[in-house]
Amino acid sequence: VPVGDFFGAGFAPKNFWSLPIQASPKEGRGFNCFFPMPFAKSARIEIESECSEHPTTVYFYVDWEQYAALPEDQLRFHAQWRCERPTQGTPQESGKFGEWNYTGGRNLDGKKNYVLFDAEGRGHYVGAFLYIENKLAILDANWYGEGDDMIFIDGEPFPPTLHGTGTEDYFNQAWSPDESYSSPYHGLLAEGKWNWAGKHTWFRFHIEDPVVFAKSIKMTIEHGHDNHRSDHWASTAFWYQTLPHKAFPKLPSKNELELK
């Protein structure tokens, strides 16, 4: 996971707090993570720098507790980063913006949804950061977050048991918010500009309400109603599960991430 995206600073650092992850002064550059990360024999934390023009300075504290043994069924911490720039939306029809952005079409399988992570094994999902850059420049109400969350557990068919009603609803907010906010379990860190333009950072943590799975889980969200919108999306998802885990997608290179 890119360091910034892991700590809620996918666009820029900013002071905020939640129970498992916090960014503290000065200017949100004090990154803190309190997720337990169990290991039985060894652990290794690495940071790779791709900064070719400026030196990278890192300082850190890592705290651990030592036990005689761990339970045989102890789950392991996982974090996964994904991005789509842009998401593959549906072209807007002339004169039908409201229908295109808010009501037109029906998603009956979830196959085109943005995928935050796709795991196999037994475990529980504990939350995510979602980064959205609104790329549609219009004067109509340009709300980008009308997509439903759909969490498919243990290979269940559509419609999934956990099927939400809109992006902001999944993140415990309402009415197309444009105000910065943080709390123990959810928040909106980057709130964009006028008419929801620009960059937006959401978070939701399932600490007291983990999403449990016995065989598999696929966490998805529509990118706009019925996946109509083509904005820039990225995310970091956090979960615990048994080993071995499903292979992660290959991370894009720095050149592949350059925005045109």
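The values are calculated or read from the model by the stated rules, or taken from the named source; none is laboratory data. Please read all numbers here as calculations on a predicted model, not as lab measurements. Heads up, the Cβs are rebuilt from the backbone with ideal geometry, glycines too, and the neighbour counts pull from every protein chain shown. Keep in mind that these areas ignore ligands, DNA and RNA; they rest on the heavy atoms of the full protein, side chains included. Shrake-Rupley method; radii C 1.70, N 1.55, O 1.52, S 1.80 Å.
Every listed requirement among (1) under 19 Å from PHE7 (Cα atoms); (2) surrounded by fewer than 17 Cβ atoms within 10 Å (Cβ to Cβ) is met by ALA79 save one, (2). Quick check: is even one residue across the range 208-216 closer than 14 Å to GLY145 by Cα and in contact (Cβ under 8 Å) with a residue 60 or more places away in the chain? Scanning the range 208-216 turns up no residue that is closer than 14 Å to GLY145 by Cα and in contact (Cβ under 8 Å) with a residue 60 or more places away in the chain.
Among the residues of the range 39-51, some residue qualifies, meaning at least one is open to solvent by 80 Å² or more (accessible area, probe 1.4 Å) and among the aliphatic types (A, V, I, L, M).
Of (1) of a type in the set (A, V, I, L, M, F, W, C); (2) over 20 Å from GLY187 (Cα atoms); (3) open to solvent by 80 Å² or more (accessible area, probe 1.4 Å), LEU70 satisfies all except one. Which? Status for LEU70: all satisfied but (3). Exactly one residue among ARG82, ARG76, ARG106 is more than 21 Å from the chain's Cα centre (by Cα) and among the basic types (Lys, Arg), and that residue is ARG106. The set of residues in the range 1-32 that are more than 16 Å from the chain's Cα centre (by Cα) and open to solvent by less than 40 Å² (accessible area, probe 1.4 Å) comprises PHE16, ALA23, SER24, GLY28, GLY30.
If we keep just the residues of the range 130-154 that are part of a strand (DSSP E or B) and over 14 Å from the mean Cα position of the chain (by Cα), which is surrounded by the fewest Cβ atoms within 10 Å (Cβ to Cβ)? For the range 130-154, the residue satisfying everything is ILE153. The residue that is farthest from ALA128 (Cα to Cα), counting only those in the range 159-169 that are open to solvent by 60 Å² or more (accessible area, probe 1.4 Å) and in a loop (DSSP other than H, G, I, E, B), is PRO159.
Restricting THR103, THR56 to those that are under 30 Å from GLY155 (Cα atoms), of a type in the set (Ser, Thr, Tyr) and either touching a residue at least 24 places away in the same chain (Cβ under 8 Å) or surrounded by 10 or more Cβ atoms within 10 Å (Cβ to Cβ) (or both) reduces the list to THR103.
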